[in-house]
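This report refers to the structure that appears directly beneath it.
The numbers here are math on the coordinates, done by the rules we state, and not lab data. Nothing here was measured: the structure is a model prediction, and the numbers come from that model. Using ideal geometry, Cβ is built from the backbone for each residue, glycine included, and neighbour counts are taken over all protein chains shown.
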Amino acid sequence: MWFIYFNYSVKDIFGEALGNFYTIGVLYSISLSLFSVIALVSYYNNEDKTSLLAVIIAMSFVLADIFMGINIFLTPAKVYEILNVIFQIGGYYFLYLFGKRLHI
């Protein structure tokens, strides 16, 4: 039910601005949402540092994408660009730590 509500609310907010990219954007948001949910469930089941890193990665990319969407489609502002970059860099840093922890 949440995915249905989310898709309709995204369409109301960004539908016209996304144009042809609406379907791709929805698929990306669903995959990022699933990654976030799986990371949270994994952390609640294991409570180890590796699963915590996955949660931090997911939340970093969610926040980065939220700020990017706000900046591009709603209210362009330098602060949103800066926050987007900070959360993206943070997400990549924790992704590096995650890979290092798994010896990838």
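Find out how many positive minus negative residues lie around residue 43, taking Lys and Arg as positive, Asp and Glu as negative, among other residues whose Cβ is under 15 Å from that of residue 43. Provide the component values of the computation, followed by the final result.
Numbers: positive: 49, 101; negative: 47, 48.
That sum, taken over residues with Cβ under 15 Å, equals 0.
Ordered by packing density, taken as the mean number of other Cβ atoms within 10 Å over each peptide's residues, highest first, how do 52-61, 73-82 rank? Mind showing how you got there, number by number?
Numbers: 52-61: 19.7, 73-82: 12.0.
Highest mean packing first, the order is 52-61, 73-82.
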FRET efficiency, 1/(1 + (r/R0)^6) with R0 25 Å, evaluated for residue 72 and residue 37 via beta carbons: 0.50
Which whole-Hz couplings ³J(HN,Hα) result when phi for each residue of the range 81-96 is put into the Karplus expression 6.51 cos²θ - 1.76 cosθ + 1.60, θ = phi - 60°, listed in order with x for Gly and Pro? 4, 5, 5, 4, 5, 4, 6, 5, 4, x, x, 5, 5, 5, 5, 4
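What does the net charge come to around residue 55 if you take all other residues with beta carbon closer than 13 Å to its beta carbon, with K and R at +1 and D and E at -1? Let's see the in-between values first.
Details: positive: 49; negative: 47, 48.
Charge balance near residue 55 sits at -1.
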